[in-house]
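The values are calculated or read from the model by the stated rules, or taken from the named source; none is laboratory data. The model shown is predicted, which means the values in this text are computed figures rather than measured ones. Cβ atoms come from the backbone with ideal geometry, glycine included; neighbour counts cover every protein chain shown.
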Amino acid sequence: MAVVRIPPVLRPSVGGEREVSAEGSTVGEILESLASDHPETRSQLFGGDGELNRYVNVYLNDEDVRVLDGLTTGVGSGDTLVILPAMAGGAG
Amino acid sequence: MTPGHLANRPCAGRYEDIVAAIGNTPLVELKRLSPKPGVRLWAKMESFNPTGSVKDRVARALIEDGEQKGLIGAGGAKSRILEPTSGNTGISLAMICSRKGYDLTVVMPENVTPERTQLLEMYGAKIVYSPGNQGSNGAVAMSLEMAAADPSLYMPYQYGNEANPGAHYNGTALEILDDLDGEVTAFVAGLGTGGTLMGNARRFKEELGDAVKIVAAEPMQGEPVQGLRSLDDGFIPPIIDISLLDRKIFVTNSDAIVWTRRLLDEEGIFAGVSSGAIASIAVRIANEIDEGNVVFVVCDDGWKYLSSGIYTRPLDEIENLDSTVWW
């Protein structure tokens, strides 16, 4: 069971919650569980190829899972997954 | 230090004009913030550039690239320039455009610190504000529309122009390699357009292979500036190649400000908010290794943030913490 933080743009799809709990021991399993519990999130989280939507960043605590092991990144019981939209940022 | 070496440093040497004085910034060791005796922590002081930020390098490269390609300048080429920015690139472009006689319009989120507006006006730039709740995404979208609607505008487009990382590949990275005799264990920079990270990463990976770790610190924007209608409105700068990154870690606004204060209080470095965020990640990386050089980028100085009170007020008294685009 891991805590998943939901960004404002996805909250309407999860009943307005800021965070939800989801089962799984990898990032992929947890997101799949989230999408099963809240079907409206599926098309936003995943692309047609089953991979992460390119405009979704998922962080294990504070590290982007794309630079870890992607959807196969292991998640422990005390971990938090943070979903954030891909935003232009930085001191541009 | 030889006289020739000294001549390339910003506090010495002679330059034909202020634009030529961009770059060759100091690399300063931070002994108090370094967590272990065997790990040396270095700040690349991009705040020493003429307008006070790393973006002077990028702006010069963007303009020179446009001139070399005949897109701007004499002979019928365009002389009106448009660019989306959260501030620093606009200020750097404004300085350079005022020197070169180009007309500059910048598109900037309305919720940046007010010093940016003053600096841009000071250098003669026109400002168009984009909706604050869309962060930098809004500025990018608005300027793409403006450029498409007016063919007389030239948009260098730092988010998609290889001249941006090129400024670091051919400048910043070479200076760091030179100053550390090629011994860089980790390089930490902020992820915005991706220019600093991509340009430095390519050079360091070419020179040092996988021995060097490239670490991105990115802003976790406050919820008030995550105003996307859907995730598909997200934005990934075209110049970013994520495969060059070994780590990518977000930093909250409050942590960034805490560490901006630590840079000031413990090392005497008066830096902007992104530099605090980057320093926090650099110290974390330094904690994870036993020896080596960890280099991070001080992107800008603190002058543009003074009105926010972040250097003197307690964190819980800082207004608009999450509704400001800090970096």
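Would you please name the residue that is surrounded by the fewest Cβ atoms within 10 Å (Cβ to Cβ), looking only at residues in segment B:123-161 that are free of Cβ contacts under 8 Å to residues at least 24 places away in the same chain and out of contact with any strand residue (DSSP E or B) (no Cβ under 9 Å at 6 or more places or on another chain)?
Within segment B:123-161, the match that is surrounded by the fewest Cβ atoms within 10 Å (Cβ to Cβ) is B:A149.
A:V9 - would you say it is under 19 Å from B:D233 (Cβ atoms), touching a helix residue (DSSP H, G or I) at 6+ places or on another chain (Cβ under 7 Å) and in a helix (DSSP H, G or I)?
Yes; evaluated as a whole, the condition is true for this residue.
Does A:G15 qualify as being exposed (fewer than 15 other Cβ atoms within 10 Å of the Cβ) and at positive phi?
yes
Report whether or not B:T196 is within 18 Å of the chain's Cα centre (by Cα) and crowded, with 24+ Cβ neighbours inside 10 Å. So that I can check it myself, show each step before the final result.
Numbers: within 18 Å of the chain's Cα centre (by Cα): yes; crowded, with 24+ Cβ neighbours inside 10 Å: yes.
Judged against the criteria, B:T196 is a match.
Return the total of residues in segment B:280-307 being farther than 22 Å from B:F204 by Cα and surrounded by fewer than 20 Cβ atoms within 10 Å (Cβ to Cβ).
3
What are the residues in segment B:307-327 that are touching a Leu at 6+ places or on another chain (Cβ under 7 Å) and more than 18 Å from B:L263 (Cβ to Cβ), if any?
Residues satisfying the conditions do not exist here.
Condition test on B:V215, is it in contact with a Phe, Trp or Tyr (Cβ under 6 Å, 6 or more places away or on another chain), more than 8 Å from chain A (Cβ to nearest Cβ) and at pLDDT 95 or above?
no
Going residue by residue through segment B:98-119, is there one that turns out to be farther than 23 Å from B:G234 by Cβ, hydrophobic (A, V, I, L, M, F, W, C) and within 14 Å of chain A (Cβ to nearest Cβ)?
yes
It is to be established whether one or more residues within segment B:58-79 are touching an Asp or Glu at 6+ places or on another chain (Cβ under 7 Å), in the same structural domain as B:G135 (by TED's automatic domain parsing) and not polar (S, T, N, Q). Break it down stepwise before answering.
Looking only at segment B:58-79, we keep the residues that are touching an Asp or Glu at 6+ places or on another chain (Cβ under 7 Å), and these are B:73, B:79.
Okay, now just the ones that are also in the same structural domain as B:G135 (by TED's automatic domain parsing), so B:73, B:79.
After this cut, where a residue has to be not polar (S, T, N, Q) as well, the list is B:73.
Yes, segment B:58-79 contains a residue that is touching an Asp or Glu at 6+ places or on another chain (Cβ under 7 Å), in the same structural domain as B:G135 (by TED's automatic domain parsing) and not polar (S, T, N, Q).
Among the residues of segment B:174-193, write down those that are within 16 Å of B:F296 (Cβ to Cβ) and within 14 Å of the chain's Cα centre (by Cα).
B:V188, B:A189, B:G190, B:L191, B:G192
Considering only segment B:80-116, state which residues are part of a loop (DSSP other than H, G, I, E, B) and out of contact with any helix residue (DSSP H, G or I) (no Cβ under 9 Å at 6 or more places or on another chain). Working first, answer last.
Filtering segment B:80-116 down to residues part of a loop (DSSP other than H, G, I, E, B) leaves B:85-87, B:101-102, B:110-113.
If the condition is that a residue be part of a loop (DSSP other than H, G, I, E, B) and out of contact with any helix residue (DSSP H, G or I) (no Cβ under 9 Å at 6 or more places or on another chain), then B:G101 is the only one that fits.
Take segment B:102-121 and flag every residue that is without any contact (Cβ under 8 Å) to a residue 24 or more places away in the chain and out of contact with any strand residue (DSSP E or B) (no Cβ under 9 Å at 6 or more places or on another chain).
Scanning segment B:102-121 gives a single hit, B:Q118.
Looking at segment B:233-242, is at least one residue buried (at least 18 other Cβ atoms within 10 Å of the Cβ), outside any loop (DSSP other than H, G, I, E, B) and in contact with a strand residue (DSSP E or B) (Cβ under 6 Å, 6 or more places away or on another chain)?
The answer is no, given that none of the residues of segment B:233-242 is buried (at least 18 other Cβ atoms within 10 Å of the Cβ), outside any loop (DSSP other than H, G, I, E, B) and in contact with a strand residue (DSSP E or B) (Cβ under 6 Å, 6 or more places away or on another chain).
Select from segment B:282-327 the residues that are touching a Gly at 6+ places or on another chain (Cβ under 8 Å) and small (G, A, S) and write down the one among them that is nearest to B:E115 (Cα to Cα).
Step by step, filter segment B:282-327, then rank; the result is B:G302.
Among the listed residues B:T172, B:T193, identify the single one that is outside the structural domain of B:G76 (by TED's automatic domain parsing) and at pLDDT below 95.
Testing whether each residue is outside the structural domain of B:G76 (by TED's automatic domain parsing) and at pLDDT below 95 leaves just B:T193.
Read through the list (1) modelled with pLDDT of 95 or more; (2) closer than 19 Å to B:V106 by Cα; (3) assigned to a helix (DSSP H, G or I), then give the number of the only condition that B:D210 fails.
Status for B:D210: all satisfied but (2).
What tally of residues in segment B:162-194 results from selecting those that are out of contact with any helix residue (DSSP H, G or I) (no Cβ under 8 Å at 6 or more places or on another chain), in contact (Cβ under 8 Å) with a residue 40 or more places away in the chain and more than 22 Å from B:S53 (Cβ to Cβ)?
Qualifying residue count, segment B:162-194: 2.
Restricting to segment A:41-89, what's the tally of residues that are more than 7 Å from chain B (Cβ to nearest Cβ), more than 24 Å from B:I281 (Cβ to Cβ), under 12 Å from the mean Cα position of the chain (by Cα) and part of a loop (DSSP other than H, G, I, E, B)?
1
Can you spot a residue in segment A:85-92 that is among the aliphatic types (A, V, I, L, M), in contact with a Leu (Cβ under 6 Å, 6 or more places away or on another chain) and closer than 19 Å to B:E218 by Cβ?
no
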